[in-house]
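Inspection log for the structure reproduced underneath, given as structure tokens.
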Amino acid sequence: MPLLEVNKLSISFVQYVNGSVQQRITVVEELDFAINEGEIVAVVGASGSGKSLLAHAIMGILPKNVETTGSISYGGELLDEKLLQRHRGREIALVPQSVSFLDPLMRVGKQLHTRADGEVQDKERESLFERFQLGKHVARMFPFQLSGGMARKVLVSTAALGRTRLIIADEPTPGMHPDDVAEALGRFKQLAEGGCAVLFITHDIEAALQIADKVAVFYAGEAIELAAAEDFQGQGERLRHPYTKALWRALPQNSFEPITGTQPARSSDVQGCLFAARCSSYAEECKAKRPDSREVRGGMVRCLHAT
Amino acid sequence: MLNGIMVFAGKKLIRLAALLASVSIITFALVAMSPIDPVQSYIGADVMRVGAEQRQEIAAYWGLDRPFLERFMKWAAALLQGDMGTSMIYREPVTHVIAERFMHSALLMAFAWLLSGAIGFIAGVAAALRKDSWLDRLIKSYCYTLASTPSFWIGLLLMMVFAVWLGWLPVGMGVPAGVLAENVTWADRLRHMVMPVLTLSVVGIAPIALHTRQKLIDVMDSDFILFAKARGERGIGLLLRHGLRNIALPAITLQFASFGELFGGAVLAEQVFSYPGLGQATVEAGLRGDVPLLMGLVLCSTLFVFTGNALADYFYRMVDPRLRYRKEERA
Amino acid sequence: MSQLAAVQQGKTRNGWNVRKRAYVSATGAGLLLVAIGIGSWLLGSAGLSVQLDNRNLPPSLAHLFGTDWLGRDMLSRTVKGLALSIQVGMLGAACSVIIAAVMGLMAATLGKTADRIITWLIDVFLSVPHLVMLILIAFVCGGGLKGVAIGIMLTHWPSLARLIRAEALQLMSAEYVLVSRKLGRSSYWVATRHLAPHLLPQLLVGFLLLFPHAVLHEAAVTFLGLGMSPHQPAIGIILSESMRYLSTGMWWLAVFPGLGLLATVRAFDKLGHYLRQLVDPRNAHL
């Protein structure tokens, strides 16, 4: 049984267009997704593909006007507000995107310590600070005094504690020194070996592949492919979706071919396959209907032509 | 830290001196340009009994026959020695009149300031936490309505209800009529202050409540509140730990920066309730053409507003870590 | 998250957006204005005449707002008073907007010295309590309608001028203005041809937001006795006279005129706020 299971999750919000006409905009559509204990799943995709919303949906901290359908379960139980209240900040931890997620008027050390923390956690955090080479003075600093890299390390150390069973890390590495990236990824790996599940959200495929077991590729609010990390090799022959292949080939060490076009801002604007407009193997039938997810070679893909 | 305060105070004092000089020049120029004949307003109702010669004597006594620049220099020189001239209405040095009345007004304004600040802040927090509920709508419409209401009219309504209709409170004045000054008790003074204070507070609540409400809504929508929630904080704990911490400072600053409105409100409230404070003196001076007193009051109220703004500024720079530490790093 | 925050702002209760509310409140304020205008014209001066038989009547069908101690109809007096207040407020606000525009544009286009002088003037004006400044100017002008009107014209411009100056300075660094100046256009040309058109919506909103303040201040100064002669039916005078009769229980003398003033001010305040939200480019999605 997977630790976290996301079932047909859709996230949408209501917007006013042209004055008083309401429109529902779906940003994440019918997402299926699971992660096991001890597993590291990377979620990659361009910005605006709904990755952060997924993280916030799992944590139950989406804005009030956002509607969700589908279900999320944790350890076999429906992850509702009651269960979240029990686990948030303890078993389930979030590593947020930027320093703006820290209270600007509170010293770092005071801020990291919450009511849920005992001596054990404080000790753990201290040793994490040492590992990241954050001096003791950092705890006495205010968030605005932290450099970009320091802030990332502080944010990682909020979550990477022993009691955590599920870490959702939302873009934890950009701005960090490469050594620190290795250190942070190492810490995630270590936690995973201890049975913790790590959901690693990033747009950096390379960083993801360093530690991930599986990679989920997001495109315009849809998970279009779920592949094993080993599938990312060579010219991407073992990858299933044209977008994933294109992403892989766009990396400098591969062919360095840019992908033309942009992803649609709203999935509701498009009838058929979301990637159709930019796809090299586009055919007439792609336009008719959104492709269902199907199994291909042990992975999941949403493409009619994938083999 | 102490050093910082000294530098801050020094800079502010220089600014204050420049400001008071500017205000003096502009006020003096305005009054000098006025078509009003100060001798005429001094004589007032006695106009039939005063001859041309006496008029000239009066003018000479006040130095009104001298050219503008000379008068200004003389007045400014006296001002620098702490002499603001003699009030024409009260026949007393202006400094005395202002000092005595300031005590009355200061008490009135202090009560109203604290009351409106506390109630406004709480109302703002309550409205923000229950955003879009009936409570929020009630508080919002109260504030918007009060912002469009003449404060002296509020005073009239209060007087009608509490003094005339219910008879709980005295109609006006600072002390009971017909009682010797030494027999007036503090309880009497307080009873006479209730309605002016209420009038001032009722109006003063609106800006602070609306500001606090918006600020708290913004804060509660911010990323760091999201993250705090993601780490298991919620309810009152979350509000106290992260919410209030981030809205208290702007609220205090706003409250200090509102000294000008407070003074204006006091002028009206004191007039309604015949309360013997600075505001009433300002009106009297304006109505009866008491130029020295009016000029003194303009300077005094400027000083008052400046003090409020300086305190607001001080709180921001010295309490907000973002400004405090950035400055130290630069130094 | 920015996308989401924007959506939240646009959502208002009972599904009305700001644009719709602006239309409705504009209609409301316009109707009120027309009603007061027509009312004061229709009522003529008949209601203001002294009728000693009808003294001190509480509100009734014949006299909706009651009558005063001289038998004058309070409804007529209130409407007349509001008309006068609105006139003074309009005049004061319009002049303030013009002063603010001229000051702001001069500060932005005439170089450093002009900018310093104008900023200093703004600071000085803002550092004296508004009402005290009004009393001073009304006194200097010798009181009366003239004193109040001049006082209101001269005291409401500083905050708007500061705003205009900031906007104008921003526009001054825009590419097309820089090119225009390089081509040798005069400051006057730049100010009138390039800056003024952009600032027009700001000025309109500024006028609508200043107007309620001007009306309230007019009422306050008149109430204090520094304004018009007691024969003019200004709201401030009506309210200040009513004070003498409050202790006799004639509540209607104060309540209705005050409510009228409140309604007028509120209507325009609302309109101004909605328009400001619409003009603000950050709120383009509303």
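Please tell me if residue C:168 is crowded, with 24+ Cβ neighbours inside 10 Å and in a helix (DSSP H, G or I). If you could, list the steps in order and put the result at the bottom.
Numbers: crowded, with 24+ Cβ neighbours inside 10 Å: yes; in a helix (DSSP H, G or I): yes.
Considered against the rule, which asks whether it is crowded, with 24+ Cβ neighbours inside 10 Å and in a helix (DSSP H, G or I), residue C:168 comes out as yes.
Given the structure, is residue B:307 surrounded by fewer than 19 Cβ atoms within 10 Å (Cβ to Cβ), out of contact with any strand residue (DSSP E or B) (no Cβ under 8 Å at 6 or more places or on another chain) and not hydrophobic (A, V, I, L, M, F, W, C)? Talk me through it step by step, then tell me what you get.
Details: surrounded by fewer than 19 Cβ atoms within 10 Å (Cβ to Cβ): yes; out of contact with any strand residue (DSSP E or B) (no Cβ under 8 Å at 6 or more places or on another chain): yes; not hydrophobic (A, V, I, L, M, F, W, C): yes.
So residue B:307 passes the test.
Among the residues of the range A:85-131, which ones are among the hydroxyl-bearing types (Ser, Thr, Tyr) and more than 24 Å from residue A:197 (Cβ to Cβ)? Full working, then the answer.
First pass over the range A:85-131, keeping only residues among the hydroxyl-bearing types (Ser, Thr, Tyr): A:98, A:100, A:114, A:127.
Hit for the range A:85-131 is A:100, nothing else.
If you take the residues in the range B:284-295 that are part of a helix (DSSP H, G or I) and surrounded by 24 or more Cβ atoms within 10 Å (Cβ to Cβ), which one is nearest to the other protein chains (Cβ to nearest Cβ)?
First, pick out the residues of the range B:284-295 that are part of a helix (DSSP H, G or I): B:284-288, B:291-295.
From what is left, the residues that are surrounded by 24 or more Cβ atoms within 10 Å (Cβ to Cβ) are B:285-286, B:291, B:293-294.
Working: B:285: 8, B:286: 4, B:291: 9, B:293: 11, B:294: 6 Å.
Ranking the candidates gives B:286 first.
Could you figure out which of (1) crowded, with 24+ Cβ neighbours inside 10 Å; (2) in contact with a His (Cβ under 9 Å, 6 or more places away or on another chain) isn't true of residue C:130?
Among (1) crowded, with 24+ Cβ neighbours inside 10 Å; (2) in contact with a His (Cβ under 9 Å, 6 or more places away or on another chain), residue C:130 violates only (1).
Using the structure shown, decide if residue B:226 is assigned to a helix (DSSP H, G or I) and more than 22 Å from residue B:104 (Cα to Cα).
yes
So which residues in the range A:230-247 are of a type in the set (A, V, I, L, M, F, W, C) and touching a helix residue (DSSP H, G or I) at 6+ places or on another chain (Cβ under 7 Å)?
Our first condition is that a residue be of a type in the set (A, V, I, L, M, F, W, C); within the range A:230-247, this holds for A:232, A:239, A:246-247.
Hits for the range A:230-247 are A:232, A:239, A:247.
What residue, among those in the range B:130-159 that are more than 13 Å from chain C (Cβ to nearest Cβ) and surrounded by fewer than 17 Cβ atoms within 10 Å (Cβ to Cβ), is nearest to residue A:65 (Cα to Cα)? Talk me through it step by step, then tell me what you get.
Start the filter on the range B:130-159 by keeping residues that are more than 13 Å from chain C (Cβ to nearest Cβ), which leaves B:130, B:135, B:138-139.
The next check asks that each one be surrounded by fewer than 17 Cβ atoms within 10 Å (Cβ to Cβ); those that pass are B:130, B:135, B:138.
Numbers: B:130: 15, B:135: 20, B:138: 22 Å.
This residue is B:130.
Go through the range A:286-307 residue by residue and tally those that are surrounded by fewer than 13 Cβ atoms within 10 Å (Cβ to Cβ) and farther than 23 Å from residue A:228 by Cβ.
2
Does residue C:122 fit the bill of being closer than 24 Å to residue C:208 by Cα, hydrophobic (A, V, I, L, M, F, W, C) and crowded, with 22+ Cβ neighbours inside 10 Å? Let's see the steps before the verdict.
Working: closer than 24 Å to residue C:208 by Cα: yes; hydrophobic (A, V, I, L, M, F, W, C): yes; crowded, with 22+ Cβ neighbours inside 10 Å: no.
Taking the combined requirement at face value, the residue does not satisfy it.
Looking only at the range A:92-114, decide whether some residue is hydroxyl-bearing (Ser, Thr, Tyr), under 19 Å from the mean Cα position of the chain (by Cα) and surrounded by 15 or more Cβ atoms within 10 Å (Cβ to Cβ).
Yes: one or more hits.
Report whether or not residue A:89 is at positive phi, without any contact (Cβ under 8 Å) to a residue 60 or more places away in the chain, surrounded by 21 or more Cβ atoms within 10 Å (Cβ to Cβ) and within 14 Å of chain B (Cβ to nearest Cβ). Show your work before the answer.
Working: at positive phi: yes; without any contact (Cβ under 8 Å) to a residue 60 or more places away in the chain: yes; surrounded by 21 or more Cβ atoms within 10 Å (Cβ to Cβ): yes; within 14 Å of chain B (Cβ to nearest Cβ): yes.
It is true that residue A:89 is at positive phi, without any contact (Cβ under 8 Å) to a residue 60 or more places away in the chain, surrounded by 21 or more Cβ atoms within 10 Å (Cβ to Cβ) and within 14 Å of chain B (Cβ to nearest Cβ).
When residues of the range A:1-50 are filtered for being at pLDDT below 80, surrounded by fewer than 16 Cβ atoms within 10 Å (Cβ to Cβ) and either touching a Ser or Thr at 6+ places or on another chain (Cβ under 8 Å) or assigned to a strand (DSSP E or B) (or both), how many remain?
6
Assuming residue C:242 fulfils every condition listed in (1) closer than 25 Å to residue C:137 by Cβ; (2) of a type in the set (Gly, Ala, Ser); (3) more than 17 Å from the chain's Cα centre (by Cα) apart from one, which condition is it?
Failed condition: (1).
Residue pairs, Cβ under 7 Å, 6 or more apart or interchain, first in the range A:131-150 and crowded, with 18+ Cβ neighbours inside 10 Å, second among the hydroxyl-bearing types (Ser, Thr, Tyr). List them.
From residues that are crowded, with 18+ Cβ neighbours inside 10 Å, the pairs are A:132/A:157; A:142/B:325; A:145/B:325.
Please specify each residue of the range C:253-280 satisfying the condition of being within 11 Å of chain B (Cβ to nearest Cβ) and farther than 20 Å from residue B:146 by Cα.
Result: C:253, single match.
Look at residue B:41 and say whether it is at the interface with another protein chain (Cβ under 10 Å from one of its Cβ atoms), assigned to a helix (DSSP H, G or I) and either modelled with pLDDT under 85 or in contact with a strand residue (DSSP E or B) (Cβ under 7 Å, 6 or more places away or on another chain) (or both).
Criteria met by residue B:41.
Does residue B:110 meet the test of being under 27 Å from the mean Cα position of the chain (by Cα) and either buried (at least 17 other Cβ atoms within 10 Å of the Cβ) or modelled with pLDDT under 90 (or both)? I'd like the intermediate steps shown before the answer.
Details: under 27 Å from the mean Cα position of the chain (by Cα): yes; either buried (at least 17 other Cβ atoms within 10 Å of the Cβ) or modelled with pLDDT under 90 (or both): no.
Here the answer is no, as residue B:110 does not meet what is asked.
Assess whether residue B:212 counts as being of a type in the set (Ser, Thr, Tyr) and in contact (Cβ under 8 Å) with a residue 60 or more places away in the chain.
Values: of a type in the set (Ser, Thr, Tyr): yes; in contact (Cβ under 8 Å) with a residue 60 or more places away in the chain: yes.
Criteria met by residue B:212.
Identify, by number, the condition in (1) facing another protein chain (nearest Cβ under 7 Å); (2) surrounded by fewer than 24 Cβ atoms within 10 Å (Cβ to Cβ); (3) in contact with a Phe, Trp or Tyr (Cβ under 6 Å, 6 or more places away or on another chain); (4) modelled with pLDDT of 85 or more that residue B:322 doesn't meet.
(4)
Out of the residues in the range A:60-90 that are among the hydrophobic types (A, V, I, L, M, F, W, C) and part of a loop (DSSP other than H, G, I, E, B), state the one that is farthest from the chain's Cα centre (by Cα).
It comes out as A:79.
With the structure loaded, tell me whether residue C:248 is within 12 Å of another protein chain (Cβ to nearest Cβ) and exposed (fewer than 14 other Cβ atoms within 10 Å of the Cβ) or whether it fails that test.
Working: within 12 Å of another protein chain (Cβ to nearest Cβ): yes; exposed (fewer than 14 other Cβ atoms within 10 Å of the Cβ): yes.
So residue C:248 fits the description; yes.
Given the structure, is residue B:249 surrounded by fewer than 19 Cβ atoms within 10 Å (Cβ to Cβ), at the interface with another protein chain (Cβ under 9 Å from one of its Cβ atoms) and among the aliphatic types (A, V, I, L, M)?
Numbers: surrounded by fewer than 19 Cβ atoms within 10 Å (Cβ to Cβ): yes; at the interface with another protein chain (Cβ under 9 Å from one of its Cβ atoms): yes; among the aliphatic types (A, V, I, L, M): yes.
Against the criterion (surrounded by fewer than 19 Cβ atoms within 10 Å (Cβ to Cβ), at the interface with another protein chain (Cβ under 9 Å from one of its Cβ atoms) and among the aliphatic types (A, V, I, L, M)), residue B:249 qualifies.
The values are calculated or read from the model by the stated rules, or taken from the named source; none is laboratory data. Not measured: the values here are computed from a predicted model. Neighbour counts run over all protein chains shown; Cβ positions are idealised from the backbone, glycine included.
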